[in-house]
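Presented below is the structure to which this report refers.
The values are calculated or read from the model by the stated rules, or taken from the named source; none is laboratory data. Quick caveat: nothing in here was measured; it's all calculated off a predicted structure. Every residue, glycine among them, receives a Cβ derived from its backbone with ideal geometry; neighbour counts consider all protein chains shown.
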Amino acid sequence: MQKTWNVIKSVFAVACSLLTAGFALLLCNSPVFSSGESYELYLGESSTAPFVSSRNPLLDKFALNVRGESVRYLGNRYEQLKEKFHAELLFTETVCGVENRYLYSSLLGDTVTVNGYAVNLHVAVSAEQTAVGTPLIFGGF
């Protein structure tokens, strides 16, 4: 009876360990942004890097070596995103009518250097939509 009880405790301990590891992996690989009009995952570290347009970013992030991600929303979501990530605006530039805002958030990971600033949140706002990416929005908007 004691031997059976020890086996049950050991199996339970292993199961709890696997569940904890799975939960940690899920947290580390979960999408940064809530779903929007389109979701992209970047597989490299430059604007010429390959990307995947994802319908299920959670599963795709498990399967791929993702280096960044972005999503597009209808309307202007800048203030909501800045508040959600407790981000600090570093600088703004306007290109072809799109206002690009470069921010830093301690809640996000990898940074890139843009104009001498460590940036890890890029928000582009046009008249119709908002795109947000971490560490940057690669590709066009």
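Take the conditions over 19 Å from Gly36 (Cβ atoms), touching a Pro at 6+ places or on another chain (Cβ under 8 Å), without any contact (Cβ under 8 Å) to a residue 40 or more places away in the chain and surrounded by fewer than 19 Cβ atoms within 10 Å (Cβ to Cβ) and apply them to Thr92. Does it pass? For Thr92, the condition - over 19 Å from Gly36 (Cβ atoms), touching a Pro at 6+ places or on another chain (Cβ under 8 Å), without any contact (Cβ under 8 Å) to a residue 40 or more places away in the chain and surrounded by fewer than 19 Cβ atoms within 10 Å (Cβ to Cβ) - is not met.
The number of residues in the range 87-104 that are assigned to a loop (DSSP other than H, G, I, E, B) and modelled with pLDDT under 95 comes to 2.
Got at least one residue in the range 41-52 being more than 14 Å from Ile137 (Cα to Cα), in contact with a Phe, Trp or Tyr (Cβ under 6 Å, 6 or more places away or on another chain) and either at pLDDT 85 or above or not aliphatic (A, V, I, L, M) (or both)? Before the answer, list the steps.
Looking only at the range 41-52, we keep the residues that are more than 14 Å from Ile137 (Cα to Cα), and these are none.
Scanning the range 41-52, I find no residue that is more than 14 Å from Ile137 (Cα to Cα), in contact with a Phe, Trp or Tyr (Cβ under 6 Å, 6 or more places away or on another chain) and either at pLDDT 85 or above or not aliphatic (A, V, I, L, M) (or both), so the answer is no.
At pLDDT below 80, touching an Asp or Glu at 6+ places or on another chain (Cβ under 7 Å) and not in a helix (DSSP H, G or I): does that describe Val66? Please lay out each step first, then the result.
Details: at pLDDT below 80: yes; touching an Asp or Glu at 6+ places or on another chain (Cβ under 7 Å): no; not in a helix (DSSP H, G or I): yes.
Here the answer is no, as Val66 does not meet what is asked.
Checked against the criterion of being at pLDDT 95 or above, surrounded by fewer than 16 Cβ atoms within 10 Å (Cβ to Cβ), among the small types (Gly, Ala, Ser) and farther than 15 Å from Gly36 by Cα, the range 117-135 contains one or more residues that satisfy it. In the range 70-86, of all residues being touching a residue at least 40 places away in the same chain (Cβ under 8 Å) and in a helix (DSSP H, G or I), the one that is surrounded by the most Cβ atoms within 10 Å (Cβ to Cβ) corresponds to Leu81. Taken together, the residues in the range 95-116 that are exposed (fewer than 14 other Cβ atoms within 10 Å of the Cβ) and within 21 Å of the chain's Cα centre (by Cα) amount to 5.
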